[in-house]
Amino acid sequence: MSVLVAFSVTPLGVGEGVGEIVADAVRVVRDSGLPNKTDSMFTVIEGDTWEQVMAVVQRAVEAVAARAPRASVVIKVDWRPGVTDAMTQKVDSIERYLAKPAIDP
């Protein structure tokens with residue numbers, strides 16, 4: 001099974017410069033050992049079970065909450081039995097289509 005989670009945690013009440021605090025959350029994700037990727041909007045992690053992935057999200061939120069009076073969290077989940085490496089496979093699929101000539105409508 002693949003449980004793919006995209007999440008964003010934003011510290012509130014600490015001013016505009018939140019990068020250092022957000023880095024604490026990303027560090028938790030990277031230290032988890034689960035496949036992950038961070039971009040300008042979300043961090044994506046993949047695991048085998050809901051509990052495994054959500055435990056990492058919880059620790060990441062707790063890392064932010066330790067330094068901010070409030071944390072805003074956005075989470076999107078793709079729960080897919082019978083799939084592994086969904087984080088890579090989804091992007092690879094799109095890249096294969098992009099490599100083909102466009103079809104006129």
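The values are calculated or read from the model by the stated rules, or taken from the named source; none is laboratory data. Since the structure is predicted, the reported quantities are computational estimates derived from the model, not experimental observations. No Cβ is skipped: glycine too gets one built from the backbone with ideal geometry, and neighbour counts run over all protein chains shown. For the accessible areas, the whole protein counts, side chains as well, though only heavy atoms, and no ligand, DNA or RNA atoms are used. Shrake-Rupley method; radii C 1.70, N 1.55, O 1.52, S 1.80 Å.
For residue 16, the criteria (1) in a loop (DSSP other than H, G, I, E, B); (2) modelled with pLDDT of 95 or more hold in every case but one, which is (2). Count of the range 50-105 residues, restricted to those that are part of a loop (DSSP other than H, G, I, E, B), among the basic types (Lys, Arg) and in contact (Cβ under 8 Å) with a residue 24 or more places away in the chain, is 1. Within the range 1-21, the residues that satisfy the criterion of being surrounded by fewer than 19 Cβ atoms within 10 Å (Cβ to Cβ), of a type in the set (A, V, I, L, M) and either farther than 12 Å from residue 78 by Cα or over 12 Å from the mean Cα position of the chain (by Cα) (or both) are 1, 12, 14, 18.
Would you call residue 85 in contact with a Pro (Cβ under 8 Å, 6 or more places away or on another chain) and open to solvent by 70 Å² or more (accessible area, probe 1.4 Å)? Yes; evaluated as a whole, the condition is true for this residue. Select from the range 29-72 the residues that are of a type in the set (S, T, N, Q), within 25 Å of residue 13 (Cβ to Cβ) and touching a Lys or Arg at 6+ places or on another chain (Cβ under 9 Å) and list them in ascending order. The answer is 38, 43.
Kindly establish whether residue 84 is modelled with pLDDT under 95 and either touching a His at 6+ places or on another chain (Cβ under 6 Å) or of a type in the set (Val, Ile, Thr) (or both). The answer is yes for residue 84. Residues in the range 34-62 that are under 16 Å from residue 88 (Cβ atoms) and exposed (fewer than 14 other Cβ atoms within 10 Å of the Cβ): 39, 48.
Pairs linking a residue in the range 12-24 that is closer than 20 Å to residue 57 by Cβ to a residue that is of a type in the set (Gly, Ala, Ser) and assigned to a helix (DSSP H, G or I), with Cβ atoms under 6 Å and 6 or more positions apart or on different chains, are 24/63.
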